[in-house]
1. Run the accessible area of the range 215-267 with a 1.4 Å probe and give the carbon-and-sulfur part as a rounded percent.
2. Between D165 and S338, 0.36 nm times their residue separation minus their Cα-Cα distance comes to what?
3. Under 12 Å from a label point 7 Å along Cα→Cβ of E307: give me every residue in the range 278-292 with its amide N that close.
4. Give me the percent of DSSP beta bridges within the chain that run antiparallel, rounded to the nearest 5.
5. Averaging sequence separations of C-alpha pairs under 8 Å and six or more residues apart, then dividing by the length of the range 94-222, give the relative contact order as a whole percent.
6. Leaving ligands, DNA and RNA out of it, report the carbon-plus-sulfur percent of the accessible area of the range 322-430 at a 1.4 Å probe.
7. Given a 1.4 Å probe, how much area per residue of the chain is accessible, in Å²?
8. Taking the Cβ of D102 as the center, what net charge do the other residues with Cβ under 13 Å away carry, scoring Lys and Arg +1 and Asp and Glu -1?
Amino acid sequence: MAKHTDEIRALLADAAERGMRYLAGVAERRVYPEARSIERLEDILKAPFPDRPTEASKVILLIDEFGSPATVASAGGRYFGFVTGGALPATVAANWLAGAWDQNSFSFVSSPAAALFEEAALRWLKQALRLPAGAEGALVAGATMANFTCLAAARHEVLMRAGWDVERQGLFAAPEVTVIVGEEVHASVVKVLAMLGLGRERLTRVPVDGQGRMRPEAMPEIAGPTILCLQAGNVNSGAFDPAATIIPRARAKGAWVHVDGAFGLWARACPGLAALAEGFEAVDSWATDAHKWLNVPYDCGVALVREPEPLRRAMSVSGAYIAPSGRRDAIDVTPDSSRRARAVEVWAALKSLGRSGLAEMIERNCRQARWLAGELSKAGIEVLNDVVLNQIVVSFGDDDRTTRAISALQRSGEIWCGGTTWRGRAGMRVSVSSWATRQADMERALKAILAAGRQ
Ligand SMILES: *Cc1c(COP(=O)(O)O)cnc(C)c1O
């Protein structure tokens, strides 16, 4: 038994040592793995399912030796792809510890500790984002599932008001639901609307302005069961739909208003940025991510719904509104049943940062983005968006040149940015969303982008 315990200790210490070595090297290594690192990993993973056991220490060695070099260094400070974020040290450590706990956090009884961490994390999230204290919510896999969760509650409520119980009766003979989105709606919202039976092609798409914001004067008249999906933080430009003009009118007409604020909603946590996201508190549901700008490990999204009842009606296993345990059971407010204890990492992030640390991290990323955009403009490289947040869309001239510059930059290994299409043009998207990004990283990014542009 003692030997057994010693072996486990040695194994975990070895894994921790390897993890620490990885993180110590991540600041200086290439950001995107070399093709031969990916090939080496692919080769060893082609092995057939072994007949016999392998020592756990050997398993970890293989994962590190072949896996680590093939990873994308998004935990470091020079990764600017998609909207990704790193993982704060406190959250990586919390993740390791919570991994040892291996809690199943589907209900209060299955893990009181996980349930309490989730209640506390949600309470602090609402305080950080200045959202109503009474909102109910859950931690889910990402903003996609958060959008799904919120929009299932929306579907329940607008149909219930029209005399139709969608969870009981299904959708086939239900009253029509109008779903309004902006032309620049995130693809994940369209996907979850399709999953909810609301149809990709029957969405009403509102035209947008040059920054991708919904144009209020182009909003259709709202009548009957209606769900309106707004965006706080366009995935390319970082722009916000005009909350103050659209939300009160839509809610007065009885629409359910939902906000996809995967990263943009975090502007509400910063005094210096809050004006951008003012008004978004007055909606029915909010989807955001913790694995993006809160910098917790993958995966973790956040769904919040103003009134608990529609969420419970949409998600409860039993169809009952009140949980039998008398405590909040996650299984009644999320699409999942068994799930890991994501809340431990969210709580660790919020506890370690505090209000001031959170605001400082987000504002710093925005300052870094504005600095880079300014330097690029000075160097004659076109920035296609107003840099209001942490997102920059860059053009190197025509689409062909832009595409070639992105490839050159990605091959360089200095930084990594992805391509996008912005208002009909090819663009390179730079997202500054990591706690680990320092000014020195921004200077390397500037040099690398200018070099790629000269090629
Ligand atoms: C990233 C993102 C999503 C999807 O989030 P996941 O965490 O990848 O599921 C949805 N909307 C916006 C605006 C995003 O930036």
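1. Values: 910 of 1590 Å².
Heavy-atom surface of the range 215-267 belonging to carbon and sulfur, 1.4 Å probe: 57 percent.
2. Working: separation 173, 0.36 × 173 = 62.28 nm, distance 2.64 nm.
Contour length minus the Cα-Cα distance gives 59.6 nm.
3. Those under the cut-off are 284-285.
4. Numbers: 23 of 39 bridges.
Antiparallel bridges: around 60 percent, rounded to the nearest 5.
5. On the way: 101 pairs, mean separation 19.4, N = 129.
Dividing the mean separation by the residue count of the range 94-222 yields 15 percent.
6. Working: 2170 of 4450 Å².
Exposed carbon and sulfur together represent 49 percent of the surface.
7. On the way: 20160 Å² over 455 residues.
Accessible area per residue, the chain: 44 Å².
8. Working: positive: R339, R340; negative: none.
Surrounding charge for D102 is +2.
The values are calculated or read from the model by the stated rules, or taken from the named source; none is laboratory data. Since we're looking at a predicted model, the values are computed, not measured. Quick reminder, even Gly has a Cβ in these numbers, built from the backbone with ideal geometry, and neighbours come from all protein chains shown. Areas reflect the complete protein model, heavy atoms only, side chains present, ligands, DNA and RNA absent. Shrake-Rupley method; radii C 1.70, N 1.55, O 1.52, S 1.80 Å.
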